[in-house]
Amino acid sequence: MRSIRFSLTICFLALLAFSLGGASLMAYRSASRNLEGRLSIQKELAQTTYKDRCRDEENRLDDALLFQAQTLARLVQFHVDWGKLRFLELHTLGLLTSPANSSAYVQVPVWALQGTRSFAVDLFRRATPAIRFDPAELLTRLDGQVAEFFQIDTAWNASYKSNSLEAMSMEINFASFAPNEVFHWEYEDMQLSESLKVRRVVLKASRFLLGPTPLTAFPRNRNSGPNRGVELPPPLRNNNGADASFRPAIFIQCAYDLAKRDALFASFAQQRDEDILNFASEHKKDLEGFRGMLAAINLLTFLAGGGICFWLVRLGLAPLNLLTVAVSRINEKDFNLDITDKQLPEELKPIAIRLGLTLDQLKKAFAREKQATADISHELRTPLSAMLATLDLALRKTRTVEEYRVMLEDCRESCTNMHKDVERLLTLARLDAGADPLRPELFDLSHLASDCVKMLSPLAQSKGIELQFEGEPNLEIQSDPGKLKEILVNLLHNAVQYNKPSGNVFLRLSSRPGSIIIEIEDNGIGIEASKKNRIFERFYRVDASRSHGDSTNCGLGLAIVKGYAELLGAGLEVTSELGQGSIFKIDLPAPLIKEAYAAIGV
Amino acid sequence: MKILLVEDHKLLSRSLKQALEEDGFAVDLAVAGDEADAKARGAIYDVVILDLMLPKIDGLTLLKGWRKDGFTFHVLILTAMGTLEDKVLGLNLGADDYLPKPFELTEFLARVRALVRRGHQAKDPILRIHDLEIDTGARSVRRAGKDIYLTPREFSLLRFLCYHRGKVVTRSMVWEHLYDENDDNTSNVVDVYIRYLRNKIDKNFTPPLILTRWGEGYMIKGD
């Protein structure tokens with residue numbers, strides 16, 4: 001398995017990369033959508049600007065056209081055929097004085113205009129059959145003006161066309177001009193010829209009949225369109241109130257070649273297209289910049305995240321390191337886990353606690369092992385030293401026969417005791433190794449028990465203790481008599497050994513269906529409750545002392561009893577009260593033979 | 001020279017007691033820890049021989065208690081636990097020597113003698129006074145080149161007097177140091193043994209070495 005540090009770092013970095021990627025993608029999409037929006041607005045703006053410019057230009061041109069038409073209208077008013085007028089004056093009116101030159105102010109008498117229509121018309125038709133301009137003034141007035149073409153028509157069929165019109169002419173729908181309006185103009189695009197399309201303004205002017213009016217009175221209306229005339233003071237009325245007055249009007253048309261305007265518009269369009277291209281490239285540049293910025297931010301964030309991740313993983317693994325160090329300090333001499341609960345997080349506490357418990361158990365096991373070694377050493381070395389010392393003493397100088405005899409007897413007794421201890425140790429070693437098999441045979445347990453009692457009677461008598469056997473006779477069973485005898489002898493020996501003077505020891509046997517209950521009861525010193533569980537431990541003695549007064553017991557007897565009882569599958573129970581006595585109860589799962597026979601019908 | 005032997009193995013303690021007594025030491029026995037504690041605190045001993053695994057109170061606890069309470073007698077630990085740690089622990093707790101079981105009797109006795117010498121600030125195992133030589137190791141006595149045979153009691157009395165040469169030794173000092181708990185305290189037993197000693201050491205030699213301080217006790221001549 002890979003290291004936690006590596007896995008955590010990889011996972012964290014992957015997560016970081018994933019979230020950074022996701023966030024960047026979303027940010028990029030949103031930003032690019034915004035930029036797209038901006039681009040489209042910019043495009044629309046360019047388009048609007050273009051339209052505005054076109055409209056402004058159109059308006060400007062229209063205004064110029066109108067202004068020119070007005071200029072023409074003023075100019076044309078001063079040009080009448082005095083020759084014809086003089087004829088009228090002579091023949092019809094005789095009222096007007098005739099100047100000598102051919103160009104003069106039209107002094108149309110008011111009354112004449114209030115006369116019949118046909119007369120007025122006739123008057124004008126005759127007086128001004130043609131329209132003329134002073135070429136010098138015309139040039140001065142029209143220089144730099146928009147209109148390339150102009151045409152002047154009158155209600156009385158007099159007309160004038162600019163040279164540029166050549167054979168072409170611009171038709172007027174007179175009906176669209178209201179007769180009552182003094183000034184009225186209309187804009188219109190028209191096809192002048194097949195190849196020439198123009199925009200014209202048609203201006204109807206009747207002002208000159210009322211006397212000179214400053215040209216500035218003409219409104220400069222940007223909003224062009226038909227019927228945008230300005231109502232001036234109402235026309236004169238005759239006596240009966242009928243509007244029968246003749247309005248001698250002239251219609252002035254000015255026009256310019258639309259191709260010129262279109263060329264301008266085209267330049268505007270080009271400008272617009274350039275702008276749009278600029279916007280597009282700007283958009284692209286912005287997007288690229290944003291991408292670069294995102295990449296830089298991502299890189300920085302990733303690096304910072306990597307650093308933080310490294311630090312976090314270190315922080316997270318620090319307690320583990322602490323534990324590792326503490327564990328690595330453990331050796332066969334020091335079983336302490338050198339770490340406090342406060343230093344560890346919740347997650348590691350169970351490990352540390354479990355480890356501590358295990359180490360404690362190990363420590364205890366080692367201590368037991370050491371204790372056992374010390375015990376064995378003591379149990380074997382002490383009698384050995386005693387023998388050595390006795391023999392050395394015997395050999396030190398010449399002694400009497402009696403002295404030698406006593407010393408040799410002492411050595412022999414010591415040897416005998418050592419032999420017993422060695423045998424017990426070997427028994428336990430065989431039990432541990434599983435090398436002591438059960439040797440079952442048929443025997444009479446009552447007989448065996450009474451044998452054991454007899455065997456221990458001398459010891460009991462020497463201590464003034466009464467040893468009694470109570471039990472049914474003929475308890476024939478199939479079991480291992482050797483091990484049972486060892487158990488009984490050991491328990492009886494203990495019961496006698498740890499008894500008060502003139503105490504009692506009872507050995508009771510009773511049969512139950514399928515098992516035999518053996519009880520060994522004494523009214524001796526008893527066992528403390530806290531020590532009851534430990535009496536079966538090897539070398540354990542209730543009194544930490546070891547009395548060698550009766551060196552037949554070195555604390556192994558009960559360990560052997562327990563081992564044998566387990567081997568026989570027998571239950572072993574102790575009930576005891578300090579100062580009152582103890583009862584050792586063995587529940588041997590061995591049916592009486594006669595019962596067993598009965599069970600199988602023999 | 002009185003020794004307390006604390007050992008719970010009957011045969012071992014009997015043999016050691018006999019060997020020490022044959023060497024001229026008075027020996028008291030203790031079998032259990034509490035008994036040993038009472039005796040060590042109640043009498044004057046030159047050396048305490050201490051087994052560690054004892055009934056009731058273990059040896060190391062006893063030793064710690066004695067050293068804490070200011071008892072200065074020498075302690076020889078005699079135990080079946082002979083690992084390095086056990087030795088170091090025992091010595092660190094105030095023992096003067098450590099002898100693991102099993103051991104040779106001669107080594108044991110030599111160590112006990114060495115501890116006694118150390119108790120009297122004597123390095124030389126042979127005590128020399130005038131023309132008297134006492135070999136405490138070989139337990140032999142010579143005066144003017146002639147071997148003198150002394151019983152263990154006589155030897156231990158002479159040795160005691162020599163260790164206190166030039167100083168008055170009272171009868172009760174002799175009693176406390178040379179007689180064990182089982183001896184009958186009869187007032188003139190010290191005087192009797194002084195007479196025996198004089199007969200063997202001073203009778204045929206001059207000058208007399210054992211002097212009597214009337215009303216106080218006895219003294220062996222200093223140099």
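The values are calculated or read from the model by the stated rules, or taken from the named source; none is laboratory data. What you see is a predicted model; the values in this text were computed from it and never measured. No Cβ is skipped: glycine too gets one built from the backbone with ideal geometry, and neighbour counts run over all protein chains shown. In case anyone asks, the SASA skips ligands and DNA or RNA and just uses the protein heavy atoms, side chains included. Shrake-Rupley method; radii C 1.70, N 1.55, O 1.52, S 1.80 Å.
Could you say which residue among A:SER377, A:SER457 is facing chain B (nearest Cβ under 9 Å) and of a type in the set (Ser, Thr, Tyr)?
A:SER377
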Within segment B:95-106, is there a residue that is open to solvent by 20 Å² or more (accessible area, probe 1.4 Å) and small (Gly, Ala, Ser)? no
Test result for A:GLY241, surrounded by 13 or more Cβ atoms within 10 Å (Cβ to Cβ), at pLDDT below 90 and farther than 30 Å from A:LEU138 by Cα: no
Residue, surrounded by the most Cβ atoms within 10 Å (Cβ to Cβ), within segment A:494-521, restricted to residues that are without any contact (Cβ under 8 Å) to a residue 40 or more places away in the chain and part of a strand (DSSP E or B): A:PHE506
Do you know which of the residues in segment B:27-45 that are within 22 Å of A:VAL406 (Cα to Cα) and open to solvent by 10 Å² or more (accessible area, probe 1.4 Å) is nearest to the other protein chains (Cβ to nearest Cβ)? B:VAL31
Scanning segment B:1-26 for residues that are away from chain A (no Cβ under 14 Å) and assigned to a strand (DSSP E or B), the one most open to solvent (accessible area, probe 1.4 Å) turns out to be B:LYS2
Within segment B:92-115, take every residue that is in a helix (DSSP H, G or I) and more than 14 Å from chain A (Cβ to nearest Cβ) and give me the one that is nearest to B:LEU161 (Cα to Cα). B:ARG113
When you check B:ASP28 against the structure, is it in contact with a Lys or Arg (Cβ under 9 Å, 6 or more places away or on another chain) and not small (Gly, Ala, Ser), yes or no? yes
Pick from segment A:549-592, criterion open to solvent by 20 Å² or more (accessible area, probe 1.4 Å) and within 16 Å of B:MET53 (Cβ to Cβ), ranking: modelled with the highest pLDDT: A:ASN553
Please indicate, with yes or no, whether at least one residue in segment B:99-122 is modelled with pLDDT under 85 and in contact with a strand residue (DSSP E or B) (Cβ under 7 Å, 6 or more places away or on another chain). yes
Does A:ARG439 satisfy being without any contact (Cβ under 8 Å) to a residue 40 or more places away in the chain and either away from every other protein chain (no Cβ under 14 Å) or open to solvent by 80 Å² or more (accessible area, probe 1.4 Å) (or both)? no
From A:LEU384, A:LEU395, A:LEU359, which residue is at the interface with another protein chain (Cβ under 7 Å from one of its Cβ atoms) and not hydroxyl-bearing (Ser, Thr, Tyr)? A:LEU384
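So that you can scan it fast, the table gives a plain yes or no per residue for (1) basic (Lys, Arg); (2) in the same structural domain as A:ASN490 (by TED's automatic domain parsing); (3) open to solvent by 80 Å² or more (accessible area, probe 1.4 Å):
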residue	(1), (2), (3)
A:ASP341	no, no, yes
A:HIS378	no, no, no
A:ARG399	yes, no, no
A:LEU428	no, no, no
If you check B:ARG143 against the conditions, is it touching a strand residue (DSSP E or B) at 6+ places or on another chain (Cβ under 7 Å) and within 14 Å of chain A (Cβ to nearest Cβ)? no
Quick check, is B:LYS56 within 13 Å of chain A (Cβ to nearest Cβ), charged (D, E, K, R) and either surrounded by 21 or more Cβ atoms within 10 Å (Cβ to Cβ) or part of a helix (DSSP H, G or I) (or both)? no
Provide a single number: the residues in segment A:398-434 that are more than 14 Å from every other protein chain (Cβ to nearest Cβ) and either closer than 28 Å to A:ILE560 by Cβ or among the aromatic types (Phe, Trp, Tyr) (or both). 15
Check whether at least one residue in segment B:116-138 is away from every other protein chain (no Cβ under 14 Å) and more than 22 Å from the chain's Cα centre (by Cα), and report yes or no. yes
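Yes/no per residue for (1) more than 13 Å from chain B (Cβ to nearest Cβ); (2) acidic (Asp, Glu); (3) in a helix (DSSP H, G or I):
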{"site": "A:TRP311", "(1), (2), (3)": "yes, no, yes"}
{"site": "A:PHE335", "(1), (2), (3)": "yes, no, no"}
{"site": "A:LYS342", "(1), (2), (3)": "yes, no, yes"}
{"site": "A:ALA372", "(1), (2), (3)": "no, no, yes"}
Just to be sure before I move on: is B:PHE71 farther than 21 Å from B:PRO100 by Cβ and surrounded by fewer than 17 Cβ atoms within 10 Å (Cβ to Cβ) in the structure I sent? yes
Test set (1) surrounded by fewer than 16 Cβ atoms within 10 Å (Cβ to Cβ); (2) at pLDDT 90 or above - A:ASN298 fails condition number: (1)
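Every residue, every condition in (1) at negative phi; (2) assigned by TED's automatic domain parsing to the domain that holds B:LYS146; (3) open to solvent by 50 Å² or more (accessible area, probe 1.4 Å); (4) in contact with a Phe, Trp or Tyr (Cβ under 6 Å, 6 or more places away or on another chain), yes or no:
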{"position": "B:ASP184", "(1), (2), (3), (4)": "yes, yes, yes, no"}
{"position": "B:ASN188", "(1), (2), (3), (4)": "yes, yes, yes, no"}
{"position": "B:ASP191", "(1), (2), (3), (4)": "yes, yes, no, no"}
{"position": "B:ARG195", "(1), (2), (3), (4)": "yes, yes, yes, no"}
{"position": "B:LYS200", "(1), (2), (3), (4)": "yes, yes, yes, no"}
{"position": "B:ASN204", "(1), (2), (3), (4)": "yes, yes, yes, no"}
{"position": "B:GLY215", "(1), (2), (3), (4)": "no, yes, yes, no"}
Just to check your reading of the model, which residue among A:ARG368, A:ARG354 is more than 14 Å from chain B (Cβ to nearest Cβ), open to solvent by 50 Å² or more (accessible area, probe 1.4 Å), at pLDDT below 80 and more than 30 Å from B:ASP23 (Cα to Cα)? A:ARG368
Examine segment B:136-150 for a residue that is open to solvent by 50 Å² or more (accessible area, probe 1.4 Å), touching a residue at least 12 places away in the same chain (Cβ under 8 Å), assigned to a loop (DSSP other than H, G, I, E, B) and in contact with a Phe, Trp or Tyr (Cβ under 9 Å, 6 or more places away or on another chain), and state whether such a residue exists. yes
Among the numbered conditions (1) assigned to a loop (DSSP other than H, G, I, E, B); (2) away from every other protein chain (no Cβ under 14 Å), tell me where B:VAL48 comes up short. (1)
What is the number of the single condition among (1) assigned to a helix (DSSP H, G or I); (2) within 21 Å of A:TYR597 (Cβ to Cβ); (3) in contact (Cβ under 8 Å) with a residue 24 or more places away in the chain that A:HIS447 does not meet? (3)
